[in-house]
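A.B. asks: Below is a structure I'd like to ask you about.
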């Protein structure tokens with residue numbers, strides 16, 4: 001397929017792998033965090049680790065939309081879905097995320113009308129064709145997916161679709177990154193920046209990382225060559241003593257972001273004072289809710305939800321995995337009590353979650369040589 | 001212990017846990033139990049097989065596509081399959097055609113020449129007569145094409161809402177070909193893995209036919225009978241043909257996982273050699289689905305001893321509909337029970353069983 005296959009060229013991959021080798025300082029161990037779950041997925045899916053020397057370690061970050069949803073929010077969603085006459089819509093990954101008692105898939109098996117959609121616009125279409133039913137969209141994701149929710153809500157308002165509403169769980173990427181950088185137990189050498197988020201917000205929001213924390217950031221695309229090249233760019237910054245935000249994904253990411261999308265976000269959403277992140281606890285000003293102008297579409301206003309904070313299961317170490325403090329296999333329940341088919345933690349559910357990616361793709365002994 | 005050592009130990013513990021017979025512990029049936037992946041295996045191996053197979057074992061315990069029974073020196077293969085596909089008609093086929101091909105293919109994969117079928121239909125009150133007639137004709141046509149006689153059947157009608165249009169169940173009987181020595185536990189290191197053509201077309205065609213994604217593409221289901229391909233492979237490779245599977249629900253990936261586990265071997269797939277049509281590639285890319293997990297209804301996976309692989313592939317390519325057959329991987333000893341992929345990009349990864357279901361009611 002054009003414009004995709006070019007970025008999966010094995011020969012070029014080996015060439016970039018060679019470039020990476022020549023950029024390394026002998027004996028030094030490098031830890032690079034890929035912020036975005038999409039990168040985590042690509043890294044495992046294409047076996048990018050195999051093209052890196054052992055002393056370049058990739059650490060998985062918090063940017064997996066499903067992984068950061070706390071149990072209480074899943075319970076809220078299920079409570080809405082169980083209302084008579086409700087059609088509950090969400091992305092496929094959400095169906096298997098465990099709440100305190102059950103998943104949305106379980107609720108569906110008990111009779112709730114839960115439907116998987118690929119876009120919030122599909123949910124709006126369902127609302128239009130079922131005017132006698134209440135249609136709810138469970139919105140998740142970072143700044144990448146928030147504009148499509150915002151656009152859908154704008155359209156619903158313009159068309160006067162009264163039977164549509166949204167449980168908003170949209171989050172923003174900068175607050176958890178800042179929290180990570182403040183945490184003393186993690187030494188990172190650089191960041192692979194979230195390409196899709198940057199398509200919307202641009203490069204500027206990440207400038208605090210080199211400015212305040214002296215770490216390089218390279219905004220990266222999602223194909224294997226993109227990721228390898230971004231790792232090379234980070235290592236080159238380190239070698240040359242530079243610390244800045246560079247953009248590898250120039251074919252998609254404008255430095256200023258997408259001003260139109262940002263405008264729509266500002267119109268439809270406002271910052272929540274605080275929001276609970278799975279495993280990371282409450283982070284202030286880290287999530288979005290519907291603005292006053294769109295309050296009528298807020299499912300949390302329209303339906304009674306428990307709104308109760310549910311503590312993460314004791315055995316689950318998703319928080320440490322999301323912060324990159326431990327590797328998935330270092331979690332006590334990884335692969336035994338917690339598997340993709342019976343997940344305890346969210347990181348084992350989403351294909352972008354570090355645990356699921358490692359379990360599904362990376363779960364075999366590999367031997368590598370240090371440089 | 002070093003980090004690498006600790007990681008390997010964790011992986012070993014996981015493999016031990018995975019190799020145990022799964023137990024059916026779920027509180028209720030979910031769509032995942034019908035997806036052909038891990039949950040389906042839990043249902044079959046954790047609930048059905050233990051209930052039906054006694055301590056002395058039996059044909060069912062082999063978990064082949066068809067069971068066998070010997071009568072006066074002749075070994076017969078028998079199998080049954082139900083069809084609940086939505087929509088009833090889709091580009092390249094319909095539920096009636098699937099119902100015949102699905103069952104004759106399960107016989108063929110056991111090395112049996114299909115002889116006869118029974119057909120049972122469950123009809124929903126209100127189903128249009130034209131739709132019903134079209135499917136009856138489709139069944140008749142497919143049976144003629146597959147050279148099987150329909151020798152019995154049953155009809156039931158349920159109230160509106162208790163079924164979705166129509167469901168079909170077919171049961172088939174065939175006679176095991178004397179050349180065939182096929183079993184899921186016959187894979188040996190060095191064997192070549194063949195697929196009979198581009199993968200993922202049936203599932204993708206159904207997905208597009210449901211119009212849920214606003215994607216339009218020219219793509220037809222690959223539904224077809226596979227006895228001709230089986231016959232050609234048996235003629236070319238004889239007992240060097242170790243195993244056949246049709247890659248239906250769960251796709252090629254699930255088939256390879258089943259075989260690797262049954263034979264206690266590893267299968268290594270070369271991603272770049274797997275035939276995938278441009279339309280399936282593009283749709284899978286857009287929807288975030290791996291074509292290796294998408295259902296086929298007329299594609300087989302064959303495991304052939306190394307000496308016979310070249311002849312088997314040539315013979316397969318001579319069968320109409322299998323012109324694009326390819327050798328996509330090989331069997332190795334280590335790590336047992338696992339399927340690995342050499343990615344086109346030059347890395348390596350696990351290709352596991354399917355967990356969730358991207359799309360229910362595919363067949």
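A.B. asks: Say we look at the stretch B:19-36 and pick out the residues that are in contact (Cβ under 8 Å) with a residue 40 or more places away in the chain and under 20 Å from the mean Cα position of the chain (by Cα); which of these is nearest to residue A:335 (Cα to Cα)?
C.D. replies: B:32
A.B. asks: Let me ask something additional. May I ask you to list the residues in the stretch A:31-55 that are away from every other protein chain (no Cβ under 12 Å), farther than 15 Å from residue A:352 by Cβ and buried (at least 22 other Cβ atoms within 10 Å of the Cβ)?
C.D. replies: A:32
A.B. asks: Within the stretch B:287-314, how many residues turn out to be more than 22 Å from residue B:220 (Cβ to Cβ) and surrounded by fewer than 21 Cβ atoms within 10 Å (Cβ to Cβ)?
C.D. replies: Of the residues in the stretch B:287-314, 8 are more than 22 Å from residue B:220 (Cβ to Cβ) and surrounded by fewer than 21 Cβ atoms within 10 Å (Cβ to Cβ).
A.B. asks: Turning to a different aspect of this structure: So, in the stretch A:189-217, how many residues would count as being surrounded by 19 or more Cβ atoms within 10 Å (Cβ to Cβ) and out of contact with any helix residue (DSSP H, G or I) (no Cβ under 8 Å at 6 or more places or on another chain)?
C.D. replies: 5
A.B. asks: I'd like to check something: does the stretch B:260-268 contain any residue that is on the phi > 0 side of the Ramachandran plot and buried (at least 24 other Cβ atoms within 10 Å of the Cβ)?
C.D. replies: No.
A.B. asks: What's the total number of residues in the stretch B:315-348 that are outside any loop (DSSP other than H, G, I, E, B) and either under 17 Å from the mean Cα position of the chain (by Cα) or closer than 19 Å to residue B:276 by Cα (or both)?
C.D. replies: 11
A.B. asks: State all residues of the stretch A:1-30 that are under 26 Å from the mean Cα position of the chain (by Cα) and away from every other protein chain (no Cβ under 11 Å); if no residue qualifies, say none.
C.D. replies: The answer is A:6, A:30.
A.B. asks: I'd like the full set of residues that are part of a helix (DSSP H, G or I) and more than 30 Å from residue A:174 (Cα to Cα), limited to the stretch A:18-37.
C.D. replies: A:18, A:19, A:21, A:22
A.B. asks: Can you work out which of the residues in the stretch A:318-345 that are crowded, with 24+ Cβ neighbours inside 10 Å, in contact with a helix residue (DSSP H, G or I) (Cβ under 6 Å, 6 or more places away or on another chain) and closer than 20 Å to residue A:95 by Cα is nearest to the other protein chains (Cβ to nearest Cβ)?
C.D. replies: It comes out as A:338.
A.B. asks: So which of B:95, B:13, B:44 is surrounded by fewer than 17 Cβ atoms within 10 Å (Cβ to Cβ), under 17 Å from the mean Cα position of the chain (by Cα) and at pLDDT 85 or above?
C.D. replies: B:44
A.B. asks: Of all helices (runs of 4 or more DSSP H) completely enclosed by the stretch A:254-371, which ones contain at least 1 residues that are more than 22 Å from the chain's Cα centre (by Cα)?
C.D. replies: It comes to A:259-268, A:299-302.
A.B. asks: Inspect the stretch B:100-116 for any residue being farther than 17 Å from residue B:226 by Cα and either crowded, with 19+ Cβ neighbours inside 10 Å or in contact (Cβ under 8 Å) with a residue 40 or more places away in the chain (or both) and give the result as yes or no.
C.D. replies: no
Per-residue answers, yes or no, for (1) out of contact with any strand residue (DSSP E or B) (no Cβ under 9 Å at 6 or more places or on another chain); (2) touching a residue at least 12 places away in the same chain (Cβ under 8 Å); (3) under 25 Å from residue B:37 (Cα atoms):
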position	(1), (2), (3)
B:204	yes, yes, yes
B:214	yes, no, no
B:222	no, yes, yes
B:246	no, yes, yes
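A.B. asks: Right, next: Only one of (1) farther than 27 Å from residue B:344 by Cα; (2) surrounded by 20 or more Cβ atoms within 10 Å (Cβ to Cβ) fails for residue A:220. Which number is that?
C.D. replies: Looking at each condition in turn, residue A:220 falls short on (1).
Let's see how each residue does on (1) touching a strand residue (DSSP E or B) at 6+ places or on another chain (Cβ under 9 Å); (2) modelled with pLDDT of 95 or more:
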| position | (1), (2) |
| --- | --- |
| B:272 | yes, no |
| B:293 | no, no |
| B:313 | yes, yes |
| B:318 | no, yes |
| B:332 | yes, yes |
| B:338 | yes, no |
| B:344 | yes, no |
| B:356 | no, no |
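A.B. asks: Of all residues in the stretch B:192-218, which are crowded, with 24+ Cβ neighbours inside 10 Å and modelled with pLDDT under 90?
C.D. replies: B:207
A.B. asks: Only one of (1) more than 13 Å from every other protein chain (Cβ to nearest Cβ); (2) surrounded by fewer than 17 Cβ atoms within 10 Å (Cβ to Cβ); (3) under 30 Å from residue B:362 (Cβ atoms); (4) touching a residue at least 24 places away in the same chain (Cβ under 8 Å) fails for residue B:61. Which number is that?
C.D. replies: Of the numbered conditions (1) more than 13 Å from every other protein chain (Cβ to nearest Cβ); (2) surrounded by fewer than 17 Cβ atoms within 10 Å (Cβ to Cβ); (3) under 30 Å from residue B:362 (Cβ atoms); (4) touching a residue at least 24 places away in the same chain (Cβ under 8 Å), the odd one out for residue B:61 is (4).
A.B. asks: Answer yes or no: is there a residue in the stretch B:323-342 that is within 14 Å of chain A (Cβ to nearest Cβ), crowded, with 24+ Cβ neighbours inside 10 Å and farther than 22 Å from residue B:64 by Cα.
C.D. replies: Yes, some residue in the stretch B:323-342 is within 14 Å of chain A (Cβ to nearest Cβ), crowded, with 24+ Cβ neighbours inside 10 Å and farther than 22 Å from residue B:64 by Cα.
A.B. asks: Going by what's in this entry, would residue A:119 be described as closer than 23 Å to residue A:201 by Cβ, within 9 Å of chain B (Cβ to nearest Cβ) and touching a residue at least 24 places away in the same chain (Cβ under 8 Å)?
C.D. replies: yes
A.B. asks: Still on this structure, I have one more. Find the residue count for the stretch A:85-110, including only residues that are away from chain B (no Cβ under 11 Å) and out of contact with any strand residue (DSSP E or B) (no Cβ under 8 Å at 6 or more places or on another chain).
C.D. replies: Residues flagged as away from chain B (no Cβ under 11 Å) and out of contact with any strand residue (DSSP E or B) (no Cβ under 8 Å at 6 or more places or on another chain) within the stretch A:85-110 amount to 4.
A.B. asks: Okay, next question. Filter the stretch B:23-36 down to the residues that are more than 8 Å from chain A (Cβ to nearest Cβ) and either within 17 Å of residue B:255 (Cα to Cα) or modelled with pLDDT under 85 (or both) and list them by number.
C.D. replies: Residues satisfying the conditions are B:33, B:34, B:35, B:36.
The values are calculated or read from the model by the stated rules, or taken from the named source; none is laboratory data. All values reported here derive from a predicted model rather than from experimental measurement. Virtual Cβ from ideal backbone geometry, glycine too; neighbours counted across all protein chains shown.
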